[in-house]
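> Sharing a structure here in structure tokens format.
The values are calculated or read from the model by the stated rules, or taken from the named source; none is laboratory data. Model, not experiment: these values are computed from the prediction. Every residue, glycine among them, receives a Cβ derived from its backbone with ideal geometry; neighbour counts consider all protein chains shown. With ligands, DNA and RNA removed, areas are computed over all heavy atoms of the protein, side chains included. Shrake-Rupley method; radii C 1.70, N 1.55, O 1.52, S 1.80 Å.
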Amino acid sequence: MATRRAFLGTTLALALGAWRPATAAGTRVVLDPLRPGVYVARADNAEAMRANAGAVVPTLVHVTRAGVLVVDPGPQAAWGRALLGAIRALTAQPVRWVVNTHAHPENVLANAAFAGLRPRPRFLASAATAALMRQRCEACLASLSAQLGRTAMRGTAIVLPEPALQHGAWLHTGGTVWQVQVHAPAHSASDTVLHAPQLRLLCAGGLAYRGRVPEMQEASLQGWRQALRQLIALPADIVVATATGTPAQTLVPTLAYLDALAHGIGAALAAGRDATQAADAVAAGPFRHWRHFPTRHPLNLQRAWRQLEDAWMQGEPPA
Ligand SMILES: [Zn+2]
């Protein structure tokens, strides 16, 4: 019944006008087709905030003859239920797999909406992501509730994934195979990537941004750069990450930004400068127009400086 209501709500909302970011009062999900059977949920290309109710993750939905794969179901139960309604409008196939790419609350807390389904889907993550979720999802739920408001997060319970995804393994969904990569640490302590070579499609979680300054609060600058260099080498035409686009629109500029941090700070350390000169050390011109630059870039400078300085003290050459 709840599913049916969500479905009706979604179709009604679709009829009423253009898409806008979700609000607590009327969450809606629009699935845009990417490939035959592959869809991506329209989301705000921004950081989670009240204005977008945390609807910032372009969830990947893959409808196969063996069931539906959902990657990063989103920030809260209401979004997850609306997503499920949008999936029901496409197919009667059961949701069989829900993948959590990394342990950030806006990506994983909508697991709650899928836990009551029968048959129950498998919730899948890397061992490190599953362990981190077990450790801190309570705190993440509390902090996202504080950020977005309790109404937005109503009914959101924590549903933990199995630690089943291993680097180099393959996830079989109907006729499609997804290669699993686990990069740890990179954007977060552990970031899972799914790559479908036949579809030339890459699902990169938090590892790629488009026109927005990357969030590095838990990132490893060098680990993330290394991950992106590997992803750029993969055969893919479309990347679904914090936004959707070609590799040239997502992977390449994200790496360019991280490279600018590494090269600028590395040179400043070699010249004996200190952290107060970090902003001048990095050539940030090409990224100034990116979203959240004034607030996010200074935080990234500090984090990158600390990491490279530690490495420099330990005798690693600047990157
Ligand atoms: Zn993230």
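> Hey, any hits in segment 140-158 for a residue that's open to solvent by 10 Å² or more (accessible area, probe 1.4 Å), within 17 Å of Ala184 (Cβ to Cβ) and of a type in the set (A, V, I, L, M)?
So far as segment 140-158 goes, no, none of its residues is open to solvent by 10 Å² or more (accessible area, probe 1.4 Å), within 17 Å of Ala184 (Cβ to Cβ) and of a type in the set (A, V, I, L, M).
> Is there any pair linking a residue in segment 244-256 that is in contact (Cβ under 8 Å) with a residue 60 or more places away in the chain and more than 10 Å from Leu231 (Cβ to Cβ) to one that is crowded, with 21+ Cβ neighbours inside 10 Å and of a type outside the set (A, V, I, L, M), with Cβ under 7 Å and at least six apart or on different chains, and which?
Close Cβ pairs (under 7 Å, with a partner that is crowded, with 21+ Cβ neighbours inside 10 Å and of a type outside the set (A, V, I, L, M)) amount to Thr244/Pro58.
> When segment 215-231 is examined, which residues are found to be touching a helix residue (DSSP H, G or I) at 6+ places or on another chain (Cβ under 8 Å) and within 14 Å of the ligand (Cβ to nearest atom)?
Glu215, Met216, Gln217, Ala219, Ser220, Trp224
> Have a look at Gly211, Gly168 and point out the one that is touching a helix residue (DSSP H, G or I) at 6+ places or on another chain (Cβ under 9 Å), at positive phi, surrounded by fewer than 18 Cβ atoms within 10 Å (Cβ to Cβ) and at pLDDT 95 or above.
After ruling out the rest, the residue left standing is Gly211.
> Looking for whichever is within 15 Å of the chain's Cα centre (by Cα) and either within 21 Å of Pro33 (Cα to Cα) or not in a helix (DSSP H, G or I) (or both) here; the options are Val70, Val63. Which one fits?
Among Val70, Val63, only Val70 is within 15 Å of the chain's Cα centre (by Cα) and either within 21 Å of Pro33 (Cα to Cα) or not in a helix (DSSP H, G or I) (or both).
> Moving on. Anything in segment 88-118 that is under 19 Å from the mean Cα position of the chain (by Cα), more than 16 Å from the ligand (Cβ to nearest atom), within 13 Å of Val159 (Cα to Cα) and not in a helix (DSSP H, G or I)? List them, or say none.
Across segment 88-118, the qualifying residue is only Val98.
> Out of curiosity, is Pro75 outside any strand (DSSP E or B), in contact (Cβ under 8 Å) with a residue 40 or more places away in the chain, within 16 Å of the ligand (Cβ to nearest atom) and in contact with a strand residue (DSSP E or B) (Cβ under 7 Å, 6 or more places away or on another chain)?
no
> In addition: Among what's in segment 232-250 and is surrounded by 14 or more Cβ atoms within 10 Å (Cβ to Cβ) and polar (S, T, N, Q), pick the residue that is nearest to the ligand (Cβ to nearest atom).
Looking at the filtered set, the residue picked out is Thr242.
> Right, next: What's the number of the only condition in (1) open to solvent by less than 10 Å² (accessible area, probe 1.4 Å); (2) within 16 Å of the chain's Cα centre (by Cα) that Gly85 fails to meet?
(2)
> For Ala130, are the conditions met, namely being out of contact with any Phe, Trp or Tyr (no Cβ under 6 Å at 6 or more places or on another chain), under 24 Å from Ala204 (Cβ atoms) and surrounded by 19 or more Cβ atoms within 10 Å (Cβ to Cβ)?
In short, yes.
> Oh, and also: Could you grab me the full set of residues in segment 181-205 that are open to solvent by 10 Å² or more (accessible area, probe 1.4 Å) and either assigned to a loop (DSSP other than H, G, I, E, B) or out of contact with any helix residue (DSSP H, G or I) (no Cβ under 8 Å at 6 or more places or on another chain) (or both)?
Ala184, Pro185, Ala189, Pro197, Gln198, Leu199, Arg200
> Shifting gears a bit: Could you please find all residues in segment 24-52 being part of a loop (DSSP other than H, G, I, E, B) and either closer than 15 Å to Thr244 by Cβ or open to solvent by less than 10 Å² (accessible area, probe 1.4 Å) (or both)?
Val29, Val30, Arg42, Ala43, Asp44, Asn45, Ala46
> For segment 250-270, state whether one or more residues are in a loop (DSSP other than H, G, I, E, B) and out of contact with any Phe, Trp or Tyr (no Cβ under 9 Å at 6 or more places or on another chain).
No, every residue in segment 250-270 fails to be in a loop (DSSP other than H, G, I, E, B) and out of contact with any Phe, Trp or Tyr (no Cβ under 9 Å at 6 or more places or on another chain).
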